[in-house]
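A.B. asks: Submitted below is the structure of interest, expressed as structure tokens.
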């Protein structure tokens with residue numbers, strides 16, 4: 001294997017930054033260029049819908065590295081630089097400011113919120129600037145509608161309630177989702193929201209809207225009712241940021257299709273929310289939209305670029321905090337098979353749920369305010385499939 005001399009990384013969030021830092025940790029001495037379309041240096045995104053939106057953190061507390069720290073690692077960071085195209089065979093990345101040649105390219109561009117068909121201009125959340133704008137609007141919003149029944153919808157509803165707003169959480173499917181767990185936690189999440197004063201409308205659809213400025217709108221629902229809100233936020237899923245790749249030869253069926261090691265084409269890899277790695281467990285390409293997955297994939301790809309070491313798709317891991325309740329999930333979940341509650345330890349205040357496949361093997365676990373030791377023990381059993389025993 002010939003060691004590459006120039007690595008270009010598109011996407012300056014946690015996935016892209018982790019690739020760059022891990023390359024240096026692995027002894028890679030070549031050029032590293034980290035390209036980001038935002039003007040800010042890399043920052044953590046999970047706090048956007050939690051601490052930042054709730055007013056508990058300021059932007060600098062979400063920063064991952066300073067400019068001087070990146071300089072010490074000899075990582076060239078190009079902020080405010082957008083990728084516009086890719087020549088796979090020539091190994092040329094096109095940007096708004098000119099081409100960049102590479103030996104290895106890593107794509108970590110993430111996803112962007114899907115616009116609501118009735119509310120295309122409604123507030124949404126992807127960047128730090130989005131979060132700060134939303135936070136300012138929440139300060140003056142007595143009534144908030146959050147449209148979207150996934151993790152981010154729940155987190156934003158939780159943050160708005162923490163700021164004393166009246167909150168309506170709207171979904172169409174009749175259930176609340178939690179990432180790869182699907183709707184298996186819907187009843188628990190619904191009870192949690194209701195206990196904190198969130199109004200739920202999980203079989204409702206917005207059919208019309210009359211904007212009222214500064215994020216406010218009057219919404220009409222499919223039952224004919226009309227309600228006014230000071231702030232409307234839409235989080236109805238995300239689409240992979242691959243529009244700049246449509247003229248390339250990469251497979252973009254659901255993000256960037258990769259082999260089990262993150263390779264999309266010779267010399268080109270993808271990590272994070274945009275990447276659909278082939279999962280050897282399920283035999284399907286799948287995207288896992290969570291920071292933990294982006295970090296694990298980035299470490300694997302950097303190790304392969306630096307040394308040729310192949311490390312397969314990491315086990316899905318994701319977490320959230322909603323109304324102060326910490327929820328962790330690890331592994332694979334069959335949406336047709338309900339979760340089973342594992343026996344509590346004598347002093348445990350939380351719960352660990354298990355998910356088994358048809359063969360009876362433990363394939364996934366969920367910790368609901370679970371003690372860390374209980375969750376770690378259950379997690380180890382998913383990996384090794386040994387009999388599960390929890391300890392206090």
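The values are calculated or read from the model by the stated rules, or taken from the named source; none is laboratory data. In this text, all values refer to a predicted model and were calculated from it rather than measured experimentally. Here Cβ is always computed from backbone atoms with ideal geometry, including for glycine, and neighbour counts include all displayed protein chains.
A.B. asks: For the structure I just gave you, tell me whether residue 208 is in contact (Cβ under 8 Å) with a residue 60 or more places away in the chain and under 30 Å from residue 63 (Cβ atoms).
C.D. replies: On the way: in contact (Cβ under 8 Å) with a residue 60 or more places away in the chain: yes; under 30 Å from residue 63 (Cβ atoms): no.
It is false that residue 208 is in contact (Cβ under 8 Å) with a residue 60 or more places away in the chain and under 30 Å from residue 63 (Cβ atoms).
A.B. asks: Separate question: Does the stretch 369-384 include one or more residues that are modelled with pLDDT of 90 or more and assigned to a strand (DSSP E or B)?
C.D. replies: The answer is no; no qualifying residue exists.
For (1) surrounded by 12 or more Cβ atoms within 10 Å (Cβ to Cβ); (2) in contact with a strand residue (DSSP E or B) (Cβ under 6 Å, 6 or more places away or on another chain); (3) in contact (Cβ under 8 Å) with a residue 24 or more places away in the chain, each residue gets a yes or a no:
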| position | (1), (2), (3) |
| --- | --- |
| 56 | yes, no, no |
| 63 | yes, yes, no |
| 69 | yes, no, no |
| 75 | yes, yes, yes |
| 82 | yes, no, yes |
| 88 | yes, yes, yes |
| 93 | yes, yes, yes |
| 97 | yes, no, no |
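A.B. asks: If I ask for residues that are farther than 20 Å from residue 44 by Cα and modelled with pLDDT of 95 or more, which ones from the stretch 268-300 would you list?
C.D. replies: Passing the criteria: 268, 269, 276, 277.
A.B. asks: Which of (1) part of a strand (DSSP E or B); (2) modelled with pLDDT under 70 does residue 364 not meet, given it meets every other one?
C.D. replies: Residue 364 satisfies all of (1) part of a strand (DSSP E or B); (2) modelled with pLDDT under 70 except (2).
A.B. asks: Next question, about the same structure. Counting just the residues of the stretch 37-47 that are in contact with a helix residue (DSSP H, G or I) (Cβ under 7 Å, 6 or more places away or on another chain) and within 17 Å of residue 16 (Cβ to Cβ), which one comes out surrounded by the most Cβ atoms within 10 Å (Cβ to Cβ)?
C.D. replies: The extreme case among them is 42.
A.B. asks: I'd like to check which strands (runs of 3 or more DSSP E) are fully inside the stretch 202-246 and have at least 2 residues that are farther than 15 Å from residue 142 by Cβ. If you could, list the steps in order and put the result at the bottom.
C.D. replies: On the way: elements: 206-213, 216-221, 226-229, 231-234, 238-240.
Where strands (runs of 3 or more DSSP E) fall fully within the stretch 202-246 and carry at least 2 residues being farther than 15 Å from residue 142 by Cβ, they are 206-213, 216-221, 238-240.
A.B. asks: Could I ask something else about it? State whether the residues of the stretch 12-23 include one that is in the same structural domain as residue 94 (by TED's automatic domain parsing) and over 21 Å from residue 292 (Cβ atoms).
C.D. replies: No, that holds for no residue.
A.B. asks: Follow-up. Report, by residue number, each residue of the stretch 35-76 that is part of a loop (DSSP other than H, G, I, E, B) and under 16 Å from residue 109 (Cα atoms).
C.D. replies: Selection gives 36, 37, 38, 39, 40, 41, 42, 44, 45.
A.B. asks: On to the next question. Of the numbered conditions (1) touching a residue at least 60 places away in the same chain (Cβ under 8 Å); (2) touching a strand residue (DSSP E or B) at 6+ places or on another chain (Cβ under 7 Å); (3) surrounded by fewer than 21 Cβ atoms within 10 Å (Cβ to Cβ); (4) closer than 24 Å to residue 289 by Cβ, residue 183 fails exactly one; give the number of that condition.
C.D. replies: (2) is the only condition that residue 183 fails.
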